[in-house]
Amino acid sequence: MHVQGVGTARRQGDPSLKGVAPRVHSLLPLALIVAEGTGRRISAWRNLVWDDVDFEAGTIRWRAEHDKNGYEQVVVMSDSVRDALAPQQKAQAAIGKAAVFPSPKDPMKACSRHLLDDWLRRAYKLAKVVPQRRGIWHSIRRKWATERKGYPVKDVAAAGGWKTEEVLVTSYQQADAETIKNVVLHPTHRIVSG
């Protein structure tokens with residue numbers, strides 16, 4: 001599964017979402033990197049505070065109060081997420097309870113979901129990319145889950161903040177041409193018929 005516009009530019013030459021994101025708002029590139037690099041729900045990552053990010057340990061604490069299922073955990077962060085967050089923290093000169101994604105109107109509060117949705121819609125329009133159906137940020141979450149189909153479902157669910165594997169498998173992980181091809185061409189077990 002490919003989420004159009006996320007990552008490198010599409011073959012047709014349209015700019016990627018990350019490429020146009022700075023033209024929409026300075027926080028949108030970071031939002032795209034964190035969403036794509038963590039697989040978390042928008043409610044979880046938009047409410048991050050700097051105390052949740054531990055650069056020394058290389059982890060992010062996902063707080064229960066911002067998780068749909070009330071699930072709290074500490075998860076390792078990818079290099080791309082760490083590399084995006086570190087300069088942002090320096091630029092904001094922020095620590096502690098300061099929001100990673102501060103609201104432009106009130107920097108003591110987190111950016112609203114509606115504002116982030118609006119920014120992403122504007123980026124899709126600028127990039128001339130049609131967003132996928134079923135949630136403007138959820139396509140990025142589905143991409144994250146689908147890219148990890150080779151790992152045990154229980155571990156993917158835990159890393160991405162799903163409390164159960166059922167929703168991950170039925171709603172987020174999508175069939176993709178490369179995996180289907182591998183299933184057909186490369187069986188994992190051979191059964192010898194007598």
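For VAL49, the residues whose amide H sits under 5 Å from its own are VAL100, ignoring neighbours fewer than 5 places away on the same chain, with H placed 1.01 Å from N. Sequentially through segment 154-170, phi angles give Karplus couplings (6.51, -1.76, 1.60; θ = phi - 60°) of 4, 6, 5, 4, 5, 5, x, x, 8, 6, 10, 7, 4, 5, 4, 6, 7 Hz, Gly and Pro residues having no value and appearing as x.
Legend: calculated FRET efficiency, ILE95 to GLU72, from the Cβ-Cβ distance at R0 = 30 Å, rounded to 0.05, equals 0.90.
Counting only residues at least eight positions apart within a chain, or on another chain, the lysines with an alpha carbon under 16 Å from that of LYS181 are LYS149.
This model, with +1 at the C-beta of Lys and Arg and -1 at the C-beta of Asp and Glu, gives the chain a dipole about its Cα centre of some 760 debye.
Helices in the chain, meaning DSSP H runs of at least 4 residues, each add -39500 (n - 2.57). Divided by all residues, the mean residue ellipticity at 222 nm is -11500 deg cm²/dmol.
Per residue, the average separation of C-alpha pairs within less than 8 Å and at least 6 apart gives segment 116-194 a relative contact order of 22 percent. Farthest toward the positive end of the dipole of segment 17-185, out of CYS111, GLY150, GLY160, is the Cα of CYS111, where the dipole comes from beta carbon charges about the Cα centre.
A Gaussian network model of the chain, with springs between Cα atoms under 10 Å, assigns the largest mean-square fluctuation among ALA159, ALA175, ALA44 to ALA175.
Since every read-out is calculated from the coordinates, none of them should be taken as a lab result. As the structure is a computational prediction, the values presented were derived from the model and not from experiment. Note that we place each Cβ from the backbone using ideal geometry, even for glycine, and neighbour counts take in every protein chain shown.
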